[in-house]
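Structure first, commentary second.
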Amino acid sequence: MIIAANLKTNLTREKTNKYISEVESFLREKNISEEVLVFPATSSLIAHSGAVTIGAQNAYPTIKGAFTGEIGYEQLEEFGIKTILIGHSERRHVIGETQEELVKKFDFYKELGFKIVYCVGEPLEVREAGFENMMEYISKQYEGIDTSYENLIIAYEPVWAIGTGLTPTSEDIVAIHGELKKKSLAPLLYGGSVKVTNAKEVLALEGIDGVLVGSAALYAEHFCTMCEYAQSLNK
Ligand code: 13P
């Protein structure tokens, strides 16, 4: 399974380094062979080799150039980063990235062979408009995306479940993942208020290949426990 931590705009470089070494020691100690990804803030990116794969939360589709405030491939390459998160709800809904921009980013990093964790998910008003409307909305987030890309991982993260403590019911997650599995054979993660208290149940659901965790993953201990749950499920 794939257990991913999105640290968002949290932790300093020093704290991130400590975090990664804690997770790394735990995985080694417990012999955990699940795929573990950590996405630190851009200023905390480091070159790292071990069981944990470090990924970028974002980058501009460029090798280098005049894109103030952005980083490109050259800055990722310095740290050997070959994994990137694209389409996260905060990038879509807070920063305002459009599907067109995300497709450009996707194509650029696909061309470079990156592992791409591509996020999709609906806001609350869309969820409340019924299953069909919701699936139609999510389908639009697949537009222009090469769903057969070999290094693709998809993460379904309902916007209303992110950082709110709310989660869809298990039946809902299974139903939505079932629909999304028809769109792509890529591993499919669930994200949105995954905590130590519900991670085991979520990971065990049909059609779930892992989780993408935000707030609860800020505690290395909690994140490690989730990695251990994943291993114990033997999926
Ligand atoms: P929370 O786990 O804080 O709900 O965040 C989920 C998320 O956005 C992971 O990318």
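The values are calculated or read from the model by the stated rules, or taken from the named source; none is laboratory data. The structure displayed is predicted, hence computed values, not measured ones. When we count neighbours, we look across all protein chains shown, and the Cβ atoms used for this are built from the backbone with ideal geometry, even at glycine.
Only residues that are buried (at least 19 other Cβ atoms within 10 Å of the Cβ) and among the small types (Gly, Ala, Ser) were counted across the stretch 207-216, and they come to 3. Restricting attention to the stretch 17-45, the residues that are within 16 Å of the ligand (Cβ to nearest atom), within 17 Å of His222 (Cβ to Cβ) and not aliphatic (A, V, I, L, M) total 3.
Scan the stretch 114-123 and tell me whether some residue there is in contact with a Cys (Cβ under 9 Å, 6 or more places away or on another chain), within 13 Å of the ligand (Cβ to nearest atom) and among the small types (Gly, Ala, Ser). Looking through the stretch 114-123, none of the residues is in contact with a Cys (Cβ under 9 Å, 6 or more places away or on another chain), within 13 Å of the ligand (Cβ to nearest atom) and among the small types (Gly, Ala, Ser).
Among the listed residues Ala204, Ala199, Ala220, Ala186, identify the single one that is closer than 13 Å to Ala4 by Cβ and either at pLDDT 95 or above or surrounded by fewer than 16 Cβ atoms within 10 Å (Cβ to Cβ) (or both). Walk me through how you get there before you give the answer.
Numbers: Ala204 fails: closer than 13 Å to Ala4 by Cβ; Ala220 fails: closer than 13 Å to Ala4 by Cβ; Ala186 fails: closer than 13 Å to Ala4 by Cβ.
It is Ala199.
Of the helices (runs of 4 or more DSSP H) lying entirely inside the stretch 15-132, those containing at least 3 residues that are over 18 Å from Glu157 (Cβ atoms) span 73-77, 99-111.
Only one entry of Glu157, Glu97 meets the criterion of being within 16 Å of the ligand (Cβ to nearest atom), in contact with a Gly (Cβ under 8 Å, 6 or more places away or on another chain) and free of Cβ contacts under 8 Å to residues at least 60 places away in the same chain, and that entry is Glu97. Of the residues that sit in the stretch 163-183 and are at pLDDT 95 or above and within 22 Å of His93 (Cβ to Cβ), which one is nearest to the ligand (Cβ to nearest atom)? So, considering only residues that are at pLDDT 95 or above and within 22 Å of His93 (Cβ to Cβ), the one nearest to the ligand (Cβ to nearest atom) is Ile173.
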